[in-house]
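Enquirer: Let me give you the structure first, and then I'll get to my questions.
The values are calculated or read from the model by the stated rules, or taken from the named source; none is laboratory data. Since we're looking at a predicted model, the values are computed, not measured. Methodologically, a virtual Cβ is constructed for each residue, glycine included, from the backbone with ideal geometry; neighbour enumeration extends over all protein chains shown. We work out accessible area using only protein heavy atoms, side chains counted, and drop any ligands, DNA or RNA first. Shrake-Rupley method; radii C 1.70, N 1.55, O 1.52, S 1.80 Å.
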Amino acid sequence: MEGSTFSQLRAAAKKEAKKIGELNPKPARYRLVTTRTLTAGNKSELRKILSPWVERDSDIVGAEDLELLLNAAPEVERRHVKLWLTSAAQLSQSIHAAIWTRSGQMLAAIQKAIPKYVDTGVFGVASRRLYDEKVLILSGPPGIGKTSVAQMLVAEAVALGYEPIEISADIEEGNRVVDPNKKQILLYDDFLGATFLETRLSKNEDKRIVSFMARCRASPNTLLILTTREYILKQASSWSEVLDREGLPMQRMLIELTSYSRRERALILYNHLYMASKLPAEAKRALLPDRAYLKIVDHKNYNPRIIEFVTSGYSNLLDPDRYLDFVLSNLDEPEQVWRTAFEQQLDDDSRDVVLLLSTMPSAITVDELERSFAALAAARGKLIAHGAVTKALRVLDDSLTRSWSGLRGPEVAIANPSVGDFAGAWLRANPLDAEALINSVVYFEQLDWIRGQVVAPKAGAGVARYREAFNASILRTTDAAPLGFSMNWVQNRWYMAYRESRGIEGRLVFALRSANDFPKSAPDSTFQAWLRAKVEIVAARWREGRVEDMENALALLEWMSDGGSLPDVLKEAAIDAMKRASSAGDWEAVANFLEDNPEATGVQMDQLAGDFEAWIDDALTSDLDSFSDTDALNALEQTAERFSISTSGWLWQDAFDQVTARTNGWDGEPSPKRDSVPSPEREVSDAELEGIFGRFGAWEEDGATAAGQ
């Protein structure tokens, strides 16, 4: 009850005494512990209220007693970063006034950040690296928390007697103020610039940085922290041989956003709620019934920036009982978070970049973005200013977009899914912009997002205006090359998430499905002629044995058959295609199609049984490695039985024996060792999270002033 009056604490103690009296059995001993400062008289009065369960004044523990206990057990304090940072890092009292003037903004930000900080396990590793190496580079994607970790490291150093210094312009600032005879910690945030498109390093700046790093590493009293985005560090090394020779990649620590566990998301939410001084206790308690806070913690759009907004942006006009609805509405429709920035703080080019990136299935290269940007400008009838995309990304990065260095070079994407949700809502409310975007589509993959966010949610006349533009985009991009691929961090492994291109079959299925989104009207003759031409091409490829996507090929047959427009040329080619099924999944799809559509092509399952059996013989003898475990063989066995193929022979038994022996002796590929990033913690249960948020229920309305402290 830090921040409460003693009368409020006394009232809470009286209620507690009543509760204790109702316990059965009664407690043998009781202690009252509070974060409020207490006088000797306060303790005596509280003891009397809680008598006979509290026998001695020493069983009443106040804030000053807690400090003494922690001082006597420093190992406990050191295990809990927030505990000792909050108690020891009284920054404004620990440093000289002149230093506060020079680094005041940084220190003020640190003081504000400490109570909300959640340690993901990175802090301890970072601290050890810093004091061992004297120089530490924190890198990672925008918004991951590089600056937060750096701030906590500065706070730790201040608590240990270091003078904090912030470098803002160039490394020469550090050279002017560093004093090897004084304990100093220097923070150079974003030292390589805000985006990879901005050349931050002035002439010979790279050499000065390397020289300064060497100077700090040689000093027993100097610590240096630099932060940068991972992709910029890679590109800077490629630009500058001297940085590369220094071996900077070996000294950095990569912090990944996906390192936030469920427990950490819960703690971030809890900390922001607890520190929200303007948020009534009633609003916080409104999250407790039925564990409603889990709807926030597990929300797909969970983002610390939104959590910051919904806890600090509370209005007194809002009913506290509807606070959960307020939070979820911001997560469900994040335009309430992004609208001000999008509509009032961005120019037209920056808005177009956000809209374009929202349509992409994942990150794209800058070249791909510039191509799309040029197409959208042409659709609007605009001329492009030189460096327009570069300028826009400088504004957007770290807020609405993020960027890094991918395998194909610098890549960009929207900051999180909530930005894309906002872009979709904004386009639905601005049909002229939506139509321009549809007319400018460069990549077929964009159409999926546009259909889901712009076309499908509208109905009747509201969507009719998009029909011509959407069909034209389908015709224009069906043969377009697919987007590339990107890297994602998944469970402590680098996972190559290749963006799978829809084959021609899948793209045609998409075109047919999309046609149903629009009101029925006169047939689009251009679209129908295009479809007939594509069907001829597909039939020719199937006859040659070139089926890119068997499941979508069969879906195409089903769509056209249901519509009564399956041409004979495609029926004949389909038989050739099905005979060439080349995987267990393909043959299962064939079985499903023939059972569900027995009249579509005129072919029956027994007519393909021989082809399937020949494929099985080859797969079980020469391609057994394609079956990961016995479950995969069981699935194939079930498909074979549907074709009336016997599975009792020695070939099947031998295959099961080999796969069983292989999988029993396989322990999995070892995870790569990454000493700089801790292993993800075990995910917590709903009941364990209740232990965190249940604390809000302890604040009664007549003594709840502490709830906002």
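Enquirer: In contact with an Asp or Glu (Cβ under 8 Å, 6 or more places away or on another chain), open to solvent by 50 Å² or more (accessible area, probe 1.4 Å), in a helix (DSSP H, G or I) and modelled with pLDDT of 90 or more, is that true of Arg47?
Expert: yes
Enquirer: I want to confirm something. Restricting to region 207-224 and keeping residues that are closer than 16 Å to Ile137 by Cβ and in contact (Cβ under 8 Å) with a residue 60 or more places away in the chain, which single residue is surrounded by the most Cβ atoms within 10 Å (Cβ to Cβ)?
Expert: Leu224
Enquirer: Hey, can you tell me all the residues within region 274-314 that are open to solvent by 50 Å² or more (accessible area, probe 1.4 Å) and without any contact (Cβ under 8 Å) to a residue 40 or more places away in the chain?
Expert: Looking only at region 274-314, we keep the residues that are open to solvent by 50 Å² or more (accessible area, probe 1.4 Å), and these are 274-275, 277-278, 282, 289-291, 295, 298, 300, 305, 308-309, 312.
Within region 274-314, Pro289, Asp290, Lys295, Asp298, Glu308, Phe309 meet the criteria.
Enquirer: Could you pull out the residue among Ser565, Ser525, Ser583 that is without any contact (Cβ under 8 Å) to a residue 12 or more places away in the chain and in contact with a helix residue (DSSP H, G or I) (Cβ under 9 Å, 6 or more places away or on another chain)?
Expert: Working: Ser525 fails: in contact with a helix residue (DSSP H, G or I) (Cβ under 9 Å, 6 or more places away or on another chain); Ser583 fails: without any contact (Cβ under 8 Å) to a residue 12 or more places away in the chain.
Checking each option against the conditions leaves just Ser565.
Enquirer: Could you grab me the full set of residues in region 348-368 that are touching a strand residue (DSSP E or B) at 6+ places or on another chain (Cβ under 6 Å) and either outside any helix (DSSP H, G or I) or among the aliphatic types (A, V, I, L, M) (or both)? First the steps, then the outcome.
Expert: Let us first name the residues in region 348-368 that are touching a strand residue (DSSP E or B) at 6+ places or on another chain (Cβ under 6 Å), namely 357-358, 362-363, 365-366.
Leu357, Ser362, Ala363, Thr365, Val366, listed by residue number.
Enquirer: Could you identify the single residue in Val454, Val395, Val463, Val419 that is under 30 Å from Ala529 (Cα atoms), at pLDDT below 85 and in a helix (DSSP H, G or I)? Give the derivation first.
Expert: Numbers: Val454 fails: at pLDDT below 85; Val395 fails: under 30 Å from Ala529 (Cα atoms); Val419 fails: under 30 Å from Ala529 (Cα atoms).
One residue alone meets the criteria, Val463.
Enquirer: Restricting attention to region 1-39, which residues are open to solvent by 70 Å² or more (accessible area, probe 1.4 Å), among the hydrophobic types (A, V, I, L, M, F, W, C) and assigned to a loop (DSSP other than H, G, I, E, B)?
Expert: Selection gives Leu23, Ala28.
Enquirer: Would you check which residues across region 351-394 are crowded, with 22+ Cβ neighbours inside 10 Å, out of contact with any Phe, Trp or Tyr (no Cβ under 6 Å at 6 or more places or on another chain) and among the hydroxyl-bearing types (Ser, Thr, Tyr) and list them?
Expert: Scanning region 351-394 gives Ser358, Ser372.
Enquirer: Take region 51-76 and flag every residue that is open to solvent by 30 Å² or more (accessible area, probe 1.4 Å) and in contact with a Phe, Trp or Tyr (Cβ under 7 Å, 6 or more places away or on another chain). Walk me through it before giving the result.
Expert: So in region 51-76, the residues open to solvent by 30 Å² or more (accessible area, probe 1.4 Å) come out as 51-53, 55-58, 64-72, 74-76.
Selection gives Trp53 alone.
Enquirer: Which pairs turn up if I take residues in region 69-81 that are modelled with pLDDT under 80 and look for partners that are open to solvent by 100 Å² or more (accessible area, probe 1.4 Å) with beta carbon separation below 9 Å, at least 6 apart in sequence or on another chain?
Expert: Listed by first residue and then by second, the contacts come to Val76/Leu69; Glu77/Asn71.
Enquirer: Taking only region 577-592 into account, find how many residues are open to solvent by less than 10 Å² (accessible area, probe 1.4 Å) and either part of a helix (DSSP H, G or I) or more than 21 Å from Val535 (Cβ to Cβ) (or both).
Expert: Taking region 577-592 as the starting set, the residues that turn out to be open to solvent by less than 10 Å² (accessible area, probe 1.4 Å) are 577-578, 581, 587, 590-591.
Those still in the list that are either part of a helix (DSSP H, G or I) or more than 21 Å from Val535 (Cβ to Cβ) (or both) too: 577-578, 587, 590-591.
Residues that pass the stated criteria total 5.
Enquirer: Moving on. From the list Ala415, Ala392, Ala375, which one is touching a Gly at 6+ places or on another chain (Cβ under 8 Å) and of a type in the set (Gly, Ala, Ser)? Before the answer, list the steps.
Expert: Values: Ala392 fails: touching a Gly at 6+ places or on another chain (Cβ under 8 Å); Ala375 fails: touching a Gly at 6+ places or on another chain (Cβ under 8 Å).
Result of the check over Ala415, Ala392, Ala375: Ala415.
Enquirer: Considering each residue of region 152-184, count those that are exposed (fewer than 13 other Cβ atoms within 10 Å of the Cβ) and assigned to a strand (DSSP E or B), and give that number.
Expert: Residues that pass the stated criteria total 0.
Enquirer: Follow-up question, since we're still on this one. Could you grab me the full set of residues in region 284-311 that are among the aromatic types (Phe, Trp, Tyr) and at pLDDT below 90?
Expert: Going through region 284-311, the residues among the aromatic types (Phe, Trp, Tyr) turn out to be 293, 302, 309.
Matches in region 284-311: Tyr302, Phe309.
Enquirer: Out of Ser565, Ser622, report the one residue that is closer than 21 Å to Leu633 by Cα and either open to solvent by 40 Å² or more (accessible area, probe 1.4 Å) or of a type in the set (A, V, I, L, M, F, W, C) (or both).
Expert: On the way: Ser565 fails: closer than 21 Å to Leu633 by Cα.
Of the residues listed, the single one that is closer than 21 Å to Leu633 by Cα and either open to solvent by 40 Å² or more (accessible area, probe 1.4 Å) or of a type in the set (A, V, I, L, M, F, W, C) (or both) is Ser622.
Enquirer: Need the failing condition index for Ala529 against (1) within 27 Å of Ile616 (Cα to Cα); (2) surrounded by fewer than 17 Cβ atoms within 10 Å (Cβ to Cβ); (3) more than 39 Å from the chain's Cα centre (by Cα), just the number.
Expert: With (1) within 27 Å of Ile616 (Cα to Cα); (2) surrounded by fewer than 17 Cβ atoms within 10 Å (Cβ to Cβ); (3) more than 39 Å from the chain's Cα centre (by Cα) applied to Ala529, the lone miss is (1).
Enquirer: Can you name the residue in region 643-660 that is in contact with a Phe, Trp or Tyr (Cβ under 7 Å, 6 or more places away or on another chain) and not in a helix (DSSP H, G or I) and, of all such residues, is surrounded by the most Cβ atoms within 10 Å (Cβ to Cβ)?
Expert: Filtering region 643-660 for residues in contact with a Phe, Trp or Tyr (Cβ under 7 Å, 6 or more places away or on another chain) gives 643, 645, 659.
If we keep only those that are not in a helix (DSSP H, G or I) as well, we get 643, 645.
Numbers: Phe643: 19, Ile645: 14.
Among those that are in contact with a Phe, Trp or Tyr (Cβ under 7 Å, 6 or more places away or on another chain) and not in a helix (DSSP H, G or I), it is Phe643.
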